[in-house]
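The values are calculated or read from the model by the stated rules, or taken from the named source; none is laboratory data. Being a predicted model, the structure only gives us computed values, none of them experimental. FYI the Cβ positions are ideal-geometry reconstructions off the backbone, even for glycines, and counts take in every protein chain you see.
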Amino acid sequence: MHPILKLITQRLALGILLLFAASILIFAGTSILPGDVAQSILGQSATPEALANMRRELGLNEPALTRYFSWLGNFLQGDLGTALTNGRDIAESLGGRLKNTLFLAFWAAVISVPLAIFLGLLAVRYKDRWPDKLISAVTLTTISIPEFMIGYVLIYWVSIKWGMFSSVAIINDGMSLAEKLNAIAIPVMVLTLVVLAHMMRMTRAAILNVMQSAYIETAELKGMGMLRIIRKHAFPNAIAPIVNVVMLNLAYLVVGVVVVEVVFAYPGMGQYLVDHVSKRDVPVVQACGLIFAAVYIGLNLVADIVSILANPRLRHPK
Amino acid sequence: MNDQLKNMTADVTKGLMTRREFVGRAAALGVTAAVANSMLASSAEAAAHAAPKRGGMMKIGSSGGESTNTQDPALTASEVPLNNLRAWGETLVEVDAGGELDFRMAESVEASADAKQWVFKIRKGVTFSNGKDMTAEDVLMTMQRHSNEDSQSGALGIMKGISSMKVDGDNFIVDLEAANADLPYLMSDYHLMIQPGGGMDDPGAAIGTGAYTLEIDEPGVRHAFKRREDYWDSENRGWADEVEQLVLNDATARTAALQSGQVHIINRVDPKVAALLDRAPNLSVESVAGRGHYVFIAHKDTAPFDNNDVMLALKYAINREEMVDKILRGFGTIGNDMPINAAYPLFDETIPQREHSIEKAKEHYAKSGHDGSPIILRVADGAFPGAVDAASLFQESAKAAGIPLEIKREPNDGYWSEVWNKQPFCASYWGGRPVQDQMYSTAYLSTADWNDTRWKRPEFDAMLNSAKAELDNAKRKEIYSQMGRMLNEEGGVILPMFNDFVSGVSENIGGWADDPNGPVMDNKSHIKCWLKDA
């Protein structure tokens, strides 16, 4: 077997194992949440008989291990069950929310990743001069301000004062792409500002690190232009750390944006998860948890594989 | 109404005087706030009814919605699903802004002389949105569903006093175990939306007799409705062609959406920003004194709160004016340690208001012989908006009287199941009820599930029951007055303030009228208002 194929298979197997471990943690975690599902659904005025009926109906009397394996079995077959609180099919409602979350993350990534890398390169080109300092100062400021604050500031200026984009980011299938983009414009700006600094700084650091190598000096002595050196010699050798930080930020854009969702009333997965946690709707929480874990593990897997492929020493082992 | 009042009312309607000024000046003329408000409501209604317009799409932005919501009226407990119910459904009767019955699915109601049997005459010619005629049979089945122990209905408590129900032609007849002069008011409970076949087959189908049909149902995100051409009361309600409710739980998101014109009406404006928002162009902030109140509740059967001198010390120590000023920013009124205020029918204005008095607090605290160990008050942000700050204010003023009040912060999550109604002393809130009887029966009857002050007095229960059976309003008022005084003196409830309902309304909205029964015109703004530019 080709060593790369072997490596990838190994990583994949490891990823699946991790996901399995995460599923156990999620199941155990939801089991020890204080409060009881039946009580949460029926409220304070519930009679003991109604509670007993509800518990039987929900299968809460079965041992935990039995519940875990039947849950995992159904999950693997794509059956996520129905929400306890409103009886809706979880796969269906979750699917729509997941699509929205990915839509927002996609557009935020499309703008922020190239922008961050470009700014990083620019900062290296003008290292320690005013463009470098300006870029660092601005991006570090935006990452230091809480994201809801940036959201409110942008809403106030962009939406209320200038009337440019919508302050409510509720999207639905009946909207055209242009309408959807108009609705998510401000959240995308917020997310871009939040993730920019991390990726930009990492790009800058990784390339600067490479720039100290002897072969860069050689290229310089050859009379090559600075930007060309960065593009042809420094960047390819700095890909691994950059991809890692990009993937971490992509994962954040998918699983960590609940605050932005709340501020803009965006119908994504974060808000959906929080609502169901507070109502102790365990099947939904478990499904969301597992999907988030899968996204996180998957993106990190991609980062690993890309950095292996980007490294000739790993690509052509002796 | 004297001429001066009449002129002032006209000024408010024309926008020459604010509601607040009006209530203040009316008070100077010896008119109580409740009467002044209802006068305004009726005159505003008259002005608003000048030119209703049909058409357009009305958007409301509401807090109080989750992705776990359903359309089942039995399970409705927060504002977003309640607004949904009001759009597609109707109850037998409603309570109007003046506290009178507004007949909906019932045309009229009559009581037997002993107030034990009530006959509702059901309106004819009303159809459900599925095309079927609404009959007394549907009413009966609806009520049966909510009386069922397994129904999980929020109206179960209301239905408990009913011994039997039956249909006789077009009449729906209710027999009670004990007399209750307020029964029609109980039937205005929002859970009791009349559904075809009682909603037994599919409780969440959203089929009712309301002005709108549900078109899009995305819980926690948005709900869209279309006007029914065949709605029976289209002369008075259902003006916009379409209504869309957006779930905006974040207070800033809500005000931003109103300011940028993406919604026409929002509920629950944060008192902290209400005055600022009111200055923004193209919108107004509407506030109406309601029956909801914020409380600190102590269990009367647990030491040290079983010692009434400790209770009185705490009651005198709390600074009510300061709380209304700082916690409600003036959007509220002070309370008097009883859950009833002037917004209730049959309220006795002559009950003396308890004043803030450090001397009296000291005196009662010394008399109580309390050992000086810390009195623990449990509180969470979710108990009511500003609860933690209110508790700190309480702690400070108690300290001045030498009372060792200690605050224990609790997490919001699980507060209502682990702390409220379990711990001996905590912060909480109550939404109002349409009548005094219902408020007392829910929280101050010995046997009530939600008796969160453990107030168990046979003589109080007896008074409540005799008031129920009393059809003479003067006598009822006298009984309620005695009950109020008793709670004020001996109860476990410390009630510093009644909160106003504060809403934000776009200039483009016509027909807004204050309604003390609930927020955003008792959650009927979207069916009673219209768009001026439609």
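Some notes on this structure:
So that you can scan it fast, the table gives a plain yes or no per residue for (1) crowded, with 16+ Cβ neighbours inside 10 Å; (2) at pLDDT below 95; (3) of a type in the set (Asp, Glu); (4) closer than 21 Å to B:ASP437 by Cα:
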| site | (1), (2), (3), (4) |
| --- | --- |
| B:ARG329 | yes, yes, no, no |
| B:ASP337 | yes, no, yes, yes |
| B:ASN341 | yes, yes, no, yes |
| B:GLY369 | no, yes, no, no |
| B:SER373 | no, yes, no, no |
| B:LEU377 | yes, no, no, no |
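- Residue check, B:GLN353 assigned by TED's automatic domain parsing to the domain that holds B:ASN451, within 27 Å of the chain's Cα centre (by Cα) and more than 30 Å from A:LEU33 (Cα to Cα): yes
- The helices (runs of 4 or more DSSP H) found entirely in region B:417-534 that carry 2 or more residues being closer than 30 Å to B:ALA257 by Cα and of a type in the set (A, V, I, L, M, F, W, C) are B:519-523.
- Matching helices (runs of 4 or more DSSP H) fully within region A:219-305 where at least 1 residues are away from chain B (no Cβ under 14 Å) and closer than 19 Å to A:GLY120 by Cβ: A:226-229, A:235-255
- Within region A:154-174, being more than 20 Å from the chain's Cα centre (by Cα) and over 17 Å from B:ALA280 (Cα atoms) holds for A:LEU154, A:MET164, A:PHE165, A:SER166, A:VAL168, A:ASN172, A:ASP173, A:GLY174.
Results for (1) touching a residue at least 60 places away in the same chain (Cβ under 8 Å); (2) among the aromatic types (Phe, Trp, Tyr); (3) closer than 17 Å to B:ALA205 by Cβ, shown as yes or no for each residue.
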site	(1), (2), (3)
B:VAL126	yes, no, no
B:THR135	no, no, no
B:MET141	no, no, yes
B:HIS146	yes, no, yes
B:GLU149	no, no, no
B:MET165	no, no, no
B:ASP175	no, no, no
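- For first residues located in region B:420-448 and over 16 Å from B:LYS468 (Cβ atoms), partners that are of a type in the set (Lys, Arg) and crowded, with 21+ Cβ neighbours inside 10 Å and lie 6+ apart or on another chain with Cβ distances below 8 Å form the pairs B:GLN423/B:ARG378; B:PHE425/B:ARG378; B:CYS426/B:ARG378; B:ALA427/B:ARG378; B:GLY431/B:ARG291; B:GLY432/B:ARG291.
Yes/no matrix, rows are residues, columns are (1) of a type in the set (S, T, N, Q); (2) surrounded by 17 or more Cβ atoms within 10 Å (Cβ to Cβ); (3) within 14 Å of chain B (Cβ to nearest Cβ); (4) out of contact with any strand residue (DSSP E or B) (no Cβ under 8 Å at 6 or more places or on another chain):
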| residue | (1), (2), (3), (4) |
| --- | --- |
| A:ARG88 | no, yes, yes, no |
| A:LEU94 | no, yes, yes, yes |
| A:ILE111 | no, no, no, yes |
| A:LEU115 | no, no, no, yes |
| A:VAL124 | no, yes, no, yes |
| A:ASP128 | no, no, no, yes |
| A:GLY163 | no, no, yes, yes |
| A:ALA183 | no, yes, yes, yes |
| A:ILE186 | no, yes, yes, yes |
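- Region B:388-414: number of residues that are touching a Ser or Thr at 6+ places or on another chain (Cβ under 8 Å) and within 14 Å of chain A (Cβ to nearest Cβ): 1
Residue-by-condition table, conditions (1) surrounded by 20 or more Cβ atoms within 10 Å (Cβ to Cβ); (2) within 25 Å of B:ARG320 (Cα to Cα); (3) of a type in the set (Ser, Thr, Tyr):
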{"position": "B:CYS426", "(1), (2), (3)": "yes, yes, no"}
{"position": "B:SER441", "(1), (2), (3)": "yes, no, yes"}
{"position": "B:THR447", "(1), (2), (3)": "no, no, yes"}
{"position": "B:ARG454", "(1), (2), (3)": "no, yes, no"}
{"position": "B:ALA462", "(1), (2), (3)": "no, no, no"}
{"position": "B:ASN465", "(1), (2), (3)": "no, no, no"}
{"position": "B:ASP472", "(1), (2), (3)": "no, no, no"}
{"position": "B:LYS477", "(1), (2), (3)": "no, no, no"}
{"position": "B:TYR480", "(1), (2), (3)": "yes, yes, yes"}
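- B:SER417 vs. criteria without any contact (Cβ under 8 Å) to a residue 24 or more places away in the chain, within 25 Å of B:ALA387 (Cβ to Cβ) and within 14 Å of another protein chain (Cβ to nearest Cβ): yes
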